[in-house]
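Before I ask anything, let me first share the structure, which is written out below as structure tokens.
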Amino acid sequence: MSWELIRDILITTVPLLVIFPSLFAFTTWIERKALARIQNRIGPNKTGVPCTRISLFGLGQPAADGIKMLFKEDIVPKGADRLFHLLAPIVALIPAMLVLCFLPLEFPWAKFVQAPVQAFLLDGAVIFFFAITGLNTLAIFMAGWASRNKYSLLGGMRAIAQMVSYEIPLVLSAVIVVMLVGSLNAADIAAAQKGYQWHLFTPWGLAAFVIFFIAALAETNRSPFDLPEAESELIAGYFTEYSGFKFALFFLGEYIAMFAISGLAVTLFLGGGEGPGVAAVPALSVAWFIAKIFALIGIMIWLRGTLPRLRVDQLMAFAWKFLLPLSILNILIAGFAWHVAKGGAGTGLKAVVWIASLITLYAVARGLNRISRPEAAPREYKYAE
């Protein structure tokens, strides 16, 4: 491997590994302030510039938390598997960092490289994304098993069942975009949506986006799908026995995974880095891409502050009885619409297909909702007269 190739790899990948971990600290501050606002609290407002009285609305709190984590004692339970207890947070972080390279972010300085090495130009970038993120399941179960704690093990088992169940509709919703574009290349998928022809603006694309986003919440263990770390039931789930730097790695990996899955949603459904002013200033595409990611993360934070946690049976029934059948039907509708469009159909026929698709998806969703929702038994008051 030549030094020029190593230089090109560093120029195109290192910024990703610096920008998103840096945004992680800012995102934790935004989430804590937003949740405080929803719950009628103030949130972090004291920690600011060190050695001064400037608080900056508590912007220094993430840095203070990071320093605290670095100096906290690392406690390993007696009887735990020390090797896997150490490897679990590392294995959870590395895949989340790797998949960032498959996001179609073209930085301005990449133009100065003769042959930029960009992972999103691979023909199978979408497949690589899902294959690498699947390693996160292994890391979570490794943490639960190695901790020698019943709560941790139960959290790991819940995580495996949840991630395996929701990964199927997640992939099926991405299949629709791959089928319509005819490519697994992330750059081709983003380029196919130029001119604001986003897949979100079609009935099947909108349904696929909603399914993808719901499944992404479950894949990243975000509320209301945070059963693997349910505080009211499992203390802290699979990282109950983690503290200090290891806990910080888990925390960082969770937020980096949020950035990665949101970035894939932006690529598949929201036009990638397209936005106003990009045609005149191409460098704005990176800013628009990150802005769309933050918009999706904002929705995740809002849902965390408003929705209650699901039960385990509701979680599994929602995946297998609702999302999976709806995803399969959506693929059939998208395939039919694609054949109609390729057949040179007129505007009237296309409008009929759109309306029929909307009605069908809505009717099936309502029907599946009734089927998957268990009937509530009437209350019996045994001791009431």
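Read the figures in this text as sums done on the coordinates, not as results from a lab. Since we're looking at a predicted model, the values are computed, not measured. So basically every Cβ, Gly included, is an ideal-geometry build from the backbone, and we count neighbours across all protein chains shown.
Using a simple charge model, +1 on the beta-carbon of Lys and Arg, -1 on the beta-carbon of Asp and Glu, nothing else, what dipole does the stretch 3-372 show about its Cα centre, in debye to the nearest 20? Working shown, then result.
Details: 27 positive and 20 negative charges, 186 e Å.
For the stretch 3-372, the charge dipole is close to 900 debye.
Expressed as a fraction of 2.2 N^0.38 Å, the rule-of-thumb size for a compact globular protein of N residues, what is the C-alpha radius of gyration of the stretch 192-272?
1.40
Turning to a different aspect of this structure: Using only the Cα atoms, work out Rg/Rh for the stretch 166-312, with Rh taken as the Kirkwood radius, to two decimals.
Taking Rh as the inverse mean 1/r over Cα pairs, Rg/Rh reads 1.03.
I've got another one for you. Distance between the C-alpha centers of the stretch 282-334 and the stretch 232-255? Whole Å please.
Between the Cα centres of the stretch 282-334 and the stretch 232-255 lies a distance of 23 Å.
Taking each pair of different alpha-carbon atoms in the stretch 3-372 once, compute 1/r for the pair, average those values, and report the inverse of that mean as the Kirkwood hydrodynamic radius in Å to one decimal.
Hydrodynamic radius (Kirkwood, Cα only) of the stretch 3-372 equals 22.1 Å.
How large is the charge dipole for the stretch 26-85, taken about the Cα centre, if only the Cβ atoms of Lys, Arg (+1) and Asp, Glu (-1) carry charge, to the nearest 20 debye?
Computed charge dipole of the stretch 26-85: roughly 300 debye.
Continuing with this model, one more query. If you bin every alpha carbon distance in the stretch 125-191 into 10 Å steps from zero, what whole percent lands in each bin?
Reading the bins upward from 0: 20, 37, 24, 14, 5.
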